[in-house]
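What follows is a short report on a single structure.
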Amino acid sequence: MNGTHDDRPGRGGGPGDPDPRPRTGGKGPGGGAPDGERPDGTRRRGPLPHREPPAGARADGAPPDRGTTDDADDALLEEELRRAAAVLDPVPAALRRVAVEAYALRDLDARIAELTFDSLVDALPVRGQADPPRMLTFRTDAVTVDVEVTSDGLIGQLLPPGPARIEVLSGPRAPVRLTADDLGRFTGGAPPSGPFALRLRTGGEVVVTEWLRA
């Protein structure tokens, strides 16, 4: 073996020995990856360009609050529609007067009896009757009022049966006073004309029906 050169890697520091010095070529400071490159060889992204936030965006990046803007837009649209309606389709003066007077007749302590049946819209037409009576039913939790409106006047029934003082309210005219007997029956001599409602006083309770047009 004398006189031969051993090229095999080993401990003698021959050509096959790895260089013990750290390689810095192509590396970043301290032997790391070059600037802009990750250790796995992929490139890092540079800083994103500055972009102006969209109109209405908040400084903290949260989505814009549209609640206040939408409310303002809705209020403006409602006001414009109201003005247009006042010009194109104004409320008749007579109807406005009736509405104001009906509001003045309101009773803040009264219970409202809702209309649950009206034969003009809820009943089928009957053959042979040219002018059938109009049947109405009003209800509260405790009282039911059945009314029949004919060309001769009113006929009514309270349920549960019992006496009551009744007023037929009819806009600007003075109310017509009726009395229900012990069986809850009452009659009126003249049919209402125009908008009307009934106000009933049974004991300490006051009930007012919805307003209807006769």
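The values are calculated or read from the model by the stated rules, or taken from the named source; none is laboratory data. If you're wondering where the values come from, they're calculated on a predicted model, not measured in any experiment. FYI the Cβ positions are ideal-geometry reconstructions off the backbone, even for glycines, and counts take in every protein chain you see. For accessibility, only protein heavy atoms count, side chains too; no ligands or nucleic acids. Shrake-Rupley method; radii C 1.70, N 1.55, O 1.52, S 1.80 Å.
Couple of notes before you dig in:
- Take the Cβ atoms of residue 213 and residue 70, set R0 to 45 Å, and the FRET efficiency comes out at 0.75.
- Carbon and sulfur %, accessible surface of the range 116-184 computed with the full protein complex present, 1.4 Å: 57
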